[in-house]
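The values are calculated or read from the model by the stated rules, or taken from the named source; none is laboratory data. These figures come from a predicted structure and were not determined experimentally. As a convention, Cβ positions derive from the backbone with ideal geometry for all residues, glycine included, and neighbour counts pool all protein chains shown. Please note that ligands, DNA and RNA were not included when accessible areas were found on the heavy atoms of the full protein model with its side chains. Shrake-Rupley method; radii C 1.70, N 1.55, O 1.52, S 1.80 Å.
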Amino acid sequence: MLKEEHEVAVLGGPHSSMLPTSTVINIQSGTSVPDHVVWSLFNTLFMNWCCLGFIAFAYSVKSRDRKMVGDLTGAQAYASTAKCLNIWALIVGIIMTIGFILLLVFGSVIVYHAVSQILQNQRVHL
């Protein structure tokens, strides 16, 4: 038998004449509103084309503030806007990144051909 159990057994129950009271805490579990802060932060740091990620982050913070105050309708409205902006930031960011990579690849090939053509013309004239 543990020491605490022994002490409780020796001491017995409470010696007061008052009846024990209970406290009830109501927790609303079905009213969770996602605020998309992590996704907005990712888009702000890595996919911030046209500042859409930063604007989405601002709306996500507003959504979190509304949720802390207890305004679930306002929090849902800001969260919906943040989600929409995050989707557009991600789409535009992926398209722009792929476009930049393609531009870099094709641009380097064109520059390589131009430089090799110039070197061949210089060798012919010598």
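Heads up, I need the accessible area for LEU103: 1.4 angstrom probe, whole protein in place, Å², nearest 10.
Near enough 120 Å² of accessible area.
If you roll a 1.4 Å probe over the stretch 33-99 with all protein chains in place, what percent of the accessible area is carbon or sulfur?
The C+S portion of the solvent-accessible surface of the stretch 33-99 is 74 percent.
Would you tell me the accessible area of PHE57, worked out with a 1.4 angstrom probe on the heavy atoms of the protein chains, in Å² to the nearest 10?
PHE57 exposes around 60 Å² with every protein chain in place.
At 1.4 Å probe size, what's the solvent-accessible area of VAL92? Round to the nearest 10 Å².
Estimated to the nearest 10 Å², VAL92 gives 40 Å².
Just the number, please: Stokes-Einstein D of the stretch 33-126 in µm²/s, Kirkwood Rh from C-alpha pairs, 4 °C, 1.567 mPa s.
Estimated diffusion coefficient is 83 µm²/s.
Ranked by accessible surface with a 1.4 Å probe, highest first, in what order do MET47, MET96, MET68 come?
MET68, MET96, MET47
Net charge within 15 Å of TYR59 by Cβ-Cβ distance, Lys/Arg positive one each and Asp/Glu negative one each, not counting TYR59 itself?
+2
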